[in-house]
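Please read the structure below before turning to the comments.
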2 protein chains.
Amino acid sequence: MQTPQIRFGSRDSKEAIEEGLVFAPKFDEHGLIPCMALDADTGEPLMLAYMNRDSWEATLQSGKATFWSRSRQKLWLKGESSGHVQIVKEIFIDCDEDTVLLQVEQLGGAACHTGHRSCFFRKRTGGDFTVVGEKVFDPKEVYK
Amino acid sequence: MQTPQIRFGSRDSKEAIEEGLVFAPKFDEHGLIPCMALDADTGEPLMLAYMNRDSWEATLQSGKATFWSRSRQKLWLKGESSGHVQIVKEIFIDCDEDTVLLQVEQLGGAACHTGHRSCFFRKRTGGDFTVVGEKVFDPKEVYK
């Protein structure tokens, strides 16, 4: 990623939002925007988390996916405990600028705190779900 | 998709949430859960929208992605105006059961109301964004 130039655009009109090239994020009432992380190489969906302004800026400055932990109410460098940092390769925004999408290099081979490669490790099969995702590590070994 | 059996599981413990095989969704204070739609064939991220209980049930019953429109405050069969319906092929849930992921067949070749194939048609390049996504249709022609 190039040196970031952090500024925000206007949300004054539909055109500004849908056609603007300066990020004009729609943060929700908690100051958050959902952020989907995909594996940059395989396209695999890894996780969804939330960013606030500080985590957006920290992500741009560090090149590492940084979210806002809603449960802990603090800035959350993804992988700060596990080492499973996400190196940001590309950033996309959606039409309404109310969702961010990251393509990342997932260090450690797993995004999920349960040890699965992806947080989306359960698939609907018939009426309920089945574990289909690969478990890469034992959380008891990683989070001590 | 098989005939749905719609029921919800328990969120009484971390284990129930992370290991449960009966969907135990964490709806937010508005009764919503974010839902990411990906192209089932290519894996391409298409859009993020929100579901409430009614849209979850409508999606299972119809096999077509059905969301809750926050702007219009009504049930929203994706594609109801444009014809760009999403046929649901697979459904995944994440570790915390606070995000849904759909793999869909995107009818009409485009998910975005702006005419782009994906809502994520702008990519960060240097400090700002660049349109990189393919425009498949002219919204003026589709939404009359």
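Looking only at region B:58-94, residues that are open to solvent by less than 60 Å² (accessible area, probe 1.4 Å), more than 12 Å from the chain's Cα centre (by Cα) and acidic (Asp, Glu) come to 1 in all.
Report, by residue number, each residue of region A:95-127 that is within 13 Å of chain B (Cβ to nearest Cβ), open to solvent by 30 Å² or more (accessible area, probe 1.4 Å) and over 17 Å from B:CYS35 (Cβ atoms). Scanning region A:95-127 gives A:GLN103, A:HIS113, A:ARG117, A:THR125.
Residues in region A:81-94 that are out of contact with any Gly (no Cβ under 8 Å at 6 or more places or on another chain) and more than 13 Å from every other protein chain (Cβ to nearest Cβ): A:SER81 only.
A count restricted to region B:18-27 and to residues that are facing another protein chain (nearest Cβ under 10 Å) and either among the β-branched types (Val, Ile, Thr) or loosely packed, with under 14 Cβ neighbours inside 10 Å (or both) stands at 2. Entry remark, region B:99-144: residues being part of a loop (DSSP other than H, G, I, E, B) and of a type in the set (A, V, I, L, M) number 4 in total. Go through region A:10-27 and give me each residue that's without any contact (Cβ under 8 Å) to a residue 40 or more places away in the chain and not polar (S, T, N, Q). Those that are without any contact (Cβ under 8 Å) to a residue 40 or more places away in the chain and not polar (S, T, N, Q): A:ASP12, A:LYS14, A:GLU15, A:ALA16, A:GLU19, A:LEU21, A:VAL22, A:PHE27. Is there a residue being under 30 Å from A:GLY133 (Cα atoms) and either away from chain A (no Cβ under 13 Å) or free of Cβ contacts under 8 Å to residues at least 40 places away in the same chain (or both) anywhere in region B:133-142? Looking through region B:133-142, at least one residue is under 30 Å from A:GLY133 (Cα atoms) and either away from chain A (no Cβ under 13 Å) or free of Cβ contacts under 8 Å to residues at least 40 places away in the same chain (or both). Residues in region B:72-80: is at least one aliphatic (A, V, I, L, M) and within 11 Å of chain A (Cβ to nearest Cβ)? Among the residues of region B:72-80, not one is aliphatic (A, V, I, L, M) and within 11 Å of chain A (Cβ to nearest Cβ), which makes the answer no. Closer than 20 Å to B:PRO34 by Cα and touching a residue at least 24 places away in the same chain (Cβ under 8 Å), is that true of A:GLU90? So A:GLU90 fails the test. Being in contact with an Asp or Glu (Cβ under 8 Å, 6 or more places away or on another chain) and of a type in the set (Gly, Ala, Ser) is a property that A:GLY79 lacks. Scanning region B:30-48 for residues that are free of Cβ contacts under 8 Å to residues at least 60 places away in the same chain and more than 9 Å from chain A (Cβ to nearest Cβ), we see that the one that is nearest to A:ALA37 (Cα to Cα) is B:LEU32. Looking only at region B:21-45, filter to residues that are small (Gly, Ala, Ser) and within 13 Å of B:ASP98 (Cα to Cα); which one of those is modelled with the lowest pLDDT? Only one residue fits best here, namely B:ALA24.
The values are calculated or read from the model by the stated rules, or taken from the named source; none is laboratory data. Every value quoted in this text rests on a predicted model; they were computed, and no experiment measured them. We place every Cβ from the backbone using ideal geometry, glycine too, and count neighbours over all the protein chains shown. The protein model used for the area step is the full one, side chains on, heavy atoms only, and it has no ligands, DNA or RNA in it. Shrake-Rupley method; radii C 1.70, N 1.55, O 1.52, S 1.80 Å.
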